[in-house]
Amino acid sequence: MDAMTFVLFGATGDLAKRKIYPALYNLFLDEKLPSSFSLIGLGRREISNTNFQKHVEESIQTFSRRSLYESEDIKGFLQAFRYESLDVNQLGDYERLRAAVEELETEMNLPQNRMFYLSVAPDFFEMIAINLHKSGLSSTSGWKRLIIEKPFGRDLASARHLNATLSRAFEETEIFRIDHYLGKPMVQNLEALEFGNPVLKALWNKEFISNVQITASETVGVEDRAGYYDQSGVIRDMVQNHMMQLFMMTAMQPPASNSPEEIRKEKSKVMEALRTVPKEEMADYIVRGQYESGEMNGHQVPGYTEEHGVSSDSMNNTFMAARLLVDNPYWEGVPFYIRTGKRMTEKSTKIVIEFKQEHKQENLSPNLLVITINPNESVTLTLNSKNPLNDGKIEPIHIGHSTKTEEVPEAYERLIFDAMKGDATFFAHWNEVELSWKWIQPILEAFDKNALALHKYPAGSMGPDAAEELLKKDGFNWW
Ligand code: NAD
């Protein structure tokens with residue numbers, strides 16, 4: 001891997017502490033960091049290098065999956081971390097930063113490979129890109145890359161504006177958009193499952209699949225994030241990004257090769273074929289919901305509008321289900337259903353593929369392929385089989401495999417490692433982001449105008465009844 005300087009905006013923030021430093025430490029343990037690695041952390045406050053290194057050490061102690069004691073050279077690792085104060089709005093601060101980066105490059109004899117990671121509020125993305133450009137920090141004799149975290153815009157127009165601004169300093173091939181669901185091992189495994197198995201590959205189309213169901217349910221409520229969540233809702237928080245990525249990874253056709261370009265091309269094709277939800281018939285495609293108080297684990301929990309920081313008349317969405325139709329020869333007539341929300345029965349992310357039955361027979365269950373992404377990773381195939389212990393009655397049996405997740409690298413480890421290598425496979429391409437916003441935009445507008453009913457559901461349930469109806473109309477039910 002190329003030697004590089006890692007420039008981290010938001011180095012004193014929550015994401016850096018909980019995810020980025022632990023990820024870098026685990027990459028260090030696995031000898032996956034470049035031999036010459038140095039990081040310049042940036043934040044508003046003045047902090048000495050020593051105190052910054054202490055902060056990094058503490059965050060590893062608290063959040064890393066492996067302990068500090070697993071390294072024989074933790075000191076050496078921490079010495080790679082330096083700190084500079086910088087206000088994202090002050091061009092002069094970037095000029096100071098450029099001098100510091102150049103000094104480090106000279107001192108350590110590093111090529112001018114620069115990784116800029118924006119772990120800051122998305123409102124700052126554009127200002128930072130402009131100032132990186134103006135200060136000359138993004139003009140290097142080596143490579144330069146930009147890592148940003150979702151959200152990529154609040155709607156189609158703001159996403160386009162953001163992208164146009166980023167493009168002034170970075171090419172598309174230099175931008176690594178993190179959607180951390182794409183860092184989950186089982187999501188990265190989807191393509192291998194779908195197309196590395198001739199049995200499944202042959203069945204991965206409308207001839208054999210009747211419908212697909214993608215669920216990401218959370219048990220938590222809004223917690224202390226009402227300020228953010230009440231403005232975003234589940235549609236911006238989960239659907240536009242994570243759910244659409246899961247959908248693309250499931251509905252794509254075999255790529256011509258395993259290259260990032262080919263894989264992302266296939267994902268974009270799915271989005272291009274995704275039918276726009278007709279405004280007049282939106283209720284046949286989309287269900288939006290909001291949780292009411294209910295019982296969870298024996299405790300009564302408050303409803304969304306009773307949460308701290310949420311107004312009592314908030315019409316925000318905490319649940320969404322949708323029926324997606326893909327107008328291409330592979331999926332014509334096969335509905336893909338997605339649903340996600342807060343305060344649901346269980347915390348789980350899974351994809352269920354329901355296969356067609358030749359003739360519906362009372363005693364036969366449909367074959368199901370269940371791919372569980374979270375909290376444990378597993379793949380299960382449900383088949384019909386005679387049970388000799390029950391008078392030879394035909395019953396469903398489950399053939400399964402699960403992975404021990406504690407030993408699996410965290411999403412951020414995989415993604416940061418890939419970005420350092422320059423492998424963009426599991427990052428969101430602008431085409432995907434833009435097409436996803438295009439599909440979402442009319443739904444967002446209908447939500448904003450309250451043109452679509454807001455269905456209440458009790459905390460601890462799997463969402464409003466309307467989400468069940470969505471499938472019933474097509475003759476299916478959620479698994
Ligand atoms: P945070 O508020 O904890 O940290 C913000 C950081 O930005 C701090 O280091 C602060 O010093 C810096 N900052 C603020 N104003 C600044 C300024 N004017 N100039 C320079 N630096 C300034 O935020 P966070 O939770 O770490 O989130 C960072 C980004 O990651 C956001 O885009 C967020 O949406 C995204 N994200 C966070 C999480 C998470 O788990 N926290 C998860 C997914 C995505």
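The values are calculated or read from the model by the stated rules, or taken from the named source; none is laboratory data. Computed from a prediction, not measured in an experiment: that's the story for all the values here. Every residue, glycine as well, gets a Cβ built from its backbone with ideal geometry; the counts of neighbours run over all protein chains shown. We work out accessible area using only protein heavy atoms, side chains counted, and drop any ligands, DNA or RNA first. Shrake-Rupley method; radii C 1.70, N 1.55, O 1.52, S 1.80 Å.
For the reader, a short list of remarks on this structure follows.
- Matching option when the condition is of a type in the set (S, T, N, Q), closer than 28 Å to K201 by Cα and out of contact with any Lys or Arg (no Cβ under 8 Å at 6 or more places or on another chain), among N316, N367, N297, N328: N367
- If you go through region 76-106 and pick out every residue that is polar (S, T, N, Q) and closer than 18 Å to Q53 by Cα, you end up with 2.
- In the condition set (1) under 20 Å from I416 (Cα atoms); (2) surrounded by 16 or more Cβ atoms within 10 Å (Cβ to Cβ); (3) not basic (K, R), L97 is compliant with all but (1).
For every residue, the table says whether it meets (1) in contact (Cβ under 8 Å) with a residue 60 or more places away in the chain; (2) surrounded by fewer than 16 Cβ atoms within 10 Å (Cβ to Cβ); (3) assigned to a helix (DSSP H, G or I).
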{"residue": "L381", "(1), (2), (3)": "no, no, no"}
{"residue": "S402", "(1), (2), (3)": "no, yes, no"}
{"residue": "E406", "(1), (2), (3)": "yes, yes, yes"}
{"residue": "M420", "(1), (2), (3)": "yes, no, yes"}
{"residue": "A424", "(1), (2), (3)": "yes, no, no"}
{"residue": "W439", "(1), (2), (3)": "yes, no, yes"}
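- Scanning region 184-225 for residues being under 30 Å from S293 (Cβ atoms) and surrounded by fewer than 16 Cβ atoms within 10 Å (Cβ to Cβ) gives a total of 4.
- Tabulated pairs, region 29-46, first at negative phi, second of a type in the set (S, T, Y) and within 16 Å of the ligand (Cβ to nearest atom), C-beta under 7 angstrom, 6+ apart or interchain: G41/Y83; G43/T12; G43/S85; R44/S85; R45/T12; R45/S85; E46/S85
- The set of residues in region 470-479 being closer than 16 Å to T215 by Cα and either part of a strand (DSSP E or B) or in contact (Cβ under 8 Å) with a residue 24 or more places away in the chain (or both) consists of L470, L471, F476, W478, W479.
- Restricting region 137-149 to residues that are touching a residue at least 40 places away in the same chain (Cβ under 8 Å) and outside any strand (DSSP E or B), the residue that is farthest from the ligand (Cβ to nearest atom) is G142.
- Test: residue in region 230-249 that is in contact (Cβ under 8 Å) with a residue 60 or more places away in the chain, buried (at least 23 other Cβ atoms within 10 Å of the Cβ) and among the hydroxyl-bearing types (S, T, Y): no
- Subset of region 101-123 [surrounded by fewer than 16 Cβ atoms within 10 Å (Cβ to Cβ), in a helix (DSSP H, G or I) and within 16 Å of the ligand (Cβ to nearest atom)]: D123
- Scanning region 446-464 for residues that are part of a helix (DSSP H, G or I) and either surrounded by 15 or more Cβ atoms within 10 Å (Cβ to Cβ) or touching a helix residue (DSSP H, G or I) at 6+ places or on another chain (Cβ under 9 Å) (or both) gives A446, F447.
- Of the strands (runs of 3 or more DSSP E) lying entirely inside region 286-361, those containing at least 3 residues that are in contact (Cβ under 8 Å) with a residue 24 or more places away in the chain span 286-292, 294-296, 319-324, 336-341, 348-355.
- For the residues V222, V234, V187, the requirement of being within 20 Å of R18 (Cα to Cα) and under 21 Å from the mean Cα position of the chain (by Cα) singles out V222.
- Flag for F152 being modelled with pLDDT of 95 or more, assigned to a loop (DSSP other than H, G, I, E, B) and open to solvent by less than 50 Å² (accessible area, probe 1.4 Å): yes
- Residues in region 255-280 that are hydroxyl-bearing (S, T, Y) and either open to solvent by 40 Å² or more (accessible area, probe 1.4 Å) or outside the structural domain of S436 (by the TED database) (or both): S257, T276.
- Residues of region 156-183 satisfying the condition of being over 22 Å from P260 (Cβ atoms), more than 16 Å from the ligand (Cβ to nearest atom) and open to solvent by less than 50 Å² (accessible area, probe 1.4 Å): L156
- Residue match in region 204-218 (condition: more than 20 Å from P335 (Cα to Cα) and part of a loop (DSSP other than H, G, I, E, B)): yes
- Selection of region 334-370 for residues being closer than 30 Å to V301 by Cα and open to solvent by less than 30 Å² (accessible area, probe 1.4 Å) yields Y337, I338, R339, T340, G341, K342, M344, S348, T349, I351, V352.
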